[in-house]
Amino acid sequence: VRDDLAQSLALAVDLAALQGSGSSGQPTGIKNTSGINTVDFGTSPILVPSYAKVVDMETAVAEDNALVGNLAYILPAAMYGGLKTTEKATGTAQFVVEPGGTINGYRAIVSNQCTAGDMFFGNFSDLLVGMWGAGVDITVDPFSLSTTGSVRIVAFQTIDVAVRNAVSFCLGNDDQ
């Protein structure tokens, strides 16, 4: 049960860090941070950018002198799978996802916390996640579901997210 709760909390933190809206008590994630770089993937096969667009993401960060630190791409599984079969250039048999699971020489992290069509690139050392309190608060509630003979367990963790340097990140998608 503890592992299930920890996994659920970790996924919620990842979602907030990448996509948080900044409203209704949510942290502001990278996607909704003002001033990040963006690359429009256009209409190349839906949800799968070309290699040139992937390189454009790195270039946008480099042009802002922010190509340092813990650099990586984060993308959803469907896009990662599509990029495993997308050639960098026609007839080369070299694919966007390189041997070892890298993209453009950088780590590629698959996360379904990314919205379909979104890809992030950047220095993830510039993504700050602060946690408050004594850790995870766990409440065992034997009363709320007592008529069904069930026990309700609630886990609560207070966090916030901050992007230290907006230009350290680039969001690529097809709805710019």
Picked from segment 11-28 (must be open to solvent by less than 60 Å² (accessible area, probe 1.4 Å) and not polar (S, T, N, Q)), the residue farthest from the chain's Cα centre (by Cα) is Gly22
Counting only residues that are of a type outside the set (Asp, Glu) and part of a strand (DSSP E or B), how many does segment 1-40 have? 5
List, please: which pairs have Cβ atoms under 6 Å, are six or more places apart or on different chains, and start with a residue in segment 113-134 that is on the phi > 0 side of the Ramachandran plot and end with one that is open to solvent by 30 Å² or more (accessible area, probe 1.4 Å) and among the aliphatic types (A, V, I, L, M)? Gly117/Leu47
Here the residues within segment 79-122 that are of a type outside the set (Phe, Trp, Tyr), within 20 Å of Ala52 (Cβ to Cβ) and crowded, with 19+ Cβ neighbours inside 10 Å are Met79, Leu83, Val96, Val97, Ile103, Ala108, Asp118, Met119, Gly122
Filter pass, Asp40 being of a type in the set (D, E, K, R) and either at pLDDT 95 or above or more than 20 Å from the chain's Cα centre (by Cα) (or both): no
Which of the numbered conditions does Ile138 fail, given that it passes all the others? Conditions: (1) closer than 21 Å to Thr38 by Cα; (2) in contact with a strand residue (DSSP E or B) (Cβ under 9 Å, 6 or more places away or on another chain); (3) in contact (Cβ under 8 Å) with a residue 24 or more places away in the chain. (1)
Those residues that are in contact with an Asp or Glu (Cβ under 9 Å, 6 or more places away or on another chain) and either closer than 14 Å to Thr115 by Cα or crowded, with 19+ Cβ neighbours inside 10 Å (or both), I need them from segment 29-50; list them, please. Lys31, Asn37, Val39, Phe41, Ile46, Leu47, Pro49
Using beta carbons and a limit of 8 Å, which pairs, at least six apart or on different chains, have the first residue in segment 1-26 and over 10 Å from Gln113 (Cβ atoms) and the second one of a type in the set (A, V, I, L, M) and surrounded by fewer than 15 Cβ atoms within 10 Å (Cβ to Cβ)? Val1/Ile153; Leu5/Val136; Leu5/Ile138; Leu5/Ile153; Ala6/Val136; Leu9/Val136
With the requirement that a residue be charged (D, E, K, R), open to solvent by 40 Å² or more (accessible area, probe 1.4 Å) and more than 15 Å from Asp174 (Cα to Cα), what does segment 51-78 give you? Glu63, Asp64
Identify the residue in segment 103-155 that is among the polar types (S, T, N, Q) and part of a loop (DSSP other than H, G, I, E, B) and, among all such residues, is farthest from Gly81 (Cα to Cα). Ser144
Do you know which residues across segment 156-176 are in a strand (DSSP E or B) and either of a type in the set (Val, Ile, Thr) or open to solvent by 40 Å² or more (accessible area, probe 1.4 Å) (or both)? Phe156, Gln157, Thr158, Ile159, Asp160, Val161, Ala162, Val163
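The values are calculated or read from the model by the stated rules, or taken from the named source; none is laboratory data. This structure is a prediction, so every number in the text was calculated from the model and none was measured. Note that we place each Cβ from the backbone using ideal geometry, even for glycine, and neighbour counts take in every protein chain shown. Just the protein is used for accessible areas: all its heavy atoms, side chains included, with ligands, DNA and RNA removed. Shrake-Rupley method; radii C 1.70, N 1.55, O 1.52, S 1.80 Å.
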